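Chemist: Shown below is the structure under consideration.
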Amino acid sequence: MKKLKYVWSFIVGVRYMKYIVVLVLGFVLIGFVGSNSVLAHLDYKQRISELRDEIAVFDAAYNRSQQQINQLRHNPKAMERIARERYFMKHDDEDIFVLSDDERQPYANPAANETVE
């Protein structure tokens, strides 16, 4: 309690000290507390930067899609290539073999392996 009285007498005793204390408290409130603080401002700037990067990624994907659409509209060979690769379409005299790397188990019919005793 004595230390608190000493600090209070020091603040009141020095002529401009109360103004300095108010300025420091105001700086702390503005800088670190509230939704408009400096820390919140820095977080907002970081979020804006992340969103701009995301926009750049989507713009690049959009441009690639637009180029592909233009190729499909003007080049019949491109349409045939897409149809063959994605949808496994073929000519009448062709056979298609689909090779896959995934580890699927072959379908086993349990009723076919049963024996009656």
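The values are calculated or read from the model by the stated rules, or taken from the named source; none is laboratory data. For clarity, every value in this text was computed on a predicted model and none was experimentally measured. Note: ideal-geometry Cβ built from the backbone for every residue, glycine included; neighbour counts use all protein chains shown. Side chains included, ligands, DNA and RNA excluded: accessible areas come from the protein's heavy atoms. Shrake-Rupley method; radii C 1.70, N 1.55, O 1.52, S 1.80 Å.
Chemist: Can you pull out every residue in region 7-33 that is aromatic (Phe, Trp, Tyr) and closer than 30 Å to residue 43 by Cβ?
Modeler: 27, 32
Chemist: Would you say residue 71 is in contact with a helix residue (DSSP H, G or I) (Cβ under 8 Å, 6 or more places away or on another chain), free of Cβ contacts under 8 Å to residues at least 60 places away in the same chain and over 30 Å from residue 7 (Cβ atoms)?
Modeler: It is true that residue 71 is in contact with a helix residue (DSSP H, G or I) (Cβ under 8 Å, 6 or more places away or on another chain), free of Cβ contacts under 8 Å to residues at least 60 places away in the same chain and over 30 Å from residue 7 (Cβ atoms).
Chemist: Let me ask another. Quick one: in region 15-25, of everything that is open to solvent by less than 100 Å² (accessible area, probe 1.4 Å) and either modelled with pLDDT under 75 or in contact with a helix residue (DSSP H, G or I) (Cβ under 7 Å, 6 or more places away or on another chain) (or both), which residue is nearest to residue 37 (Cα to Cα)?
Modeler: Looking at the filtered set, the residue picked out is 21.
Chemist: Looking at (1) charged (D, E, K, R); (2) at pLDDT 85 or above; (3) open to solvent by 100 Å² or more (accessible area, probe 1.4 Å), can you tell me which one residue 2 breaks?
Modeler: Every condition holds for residue 2 apart from (2).
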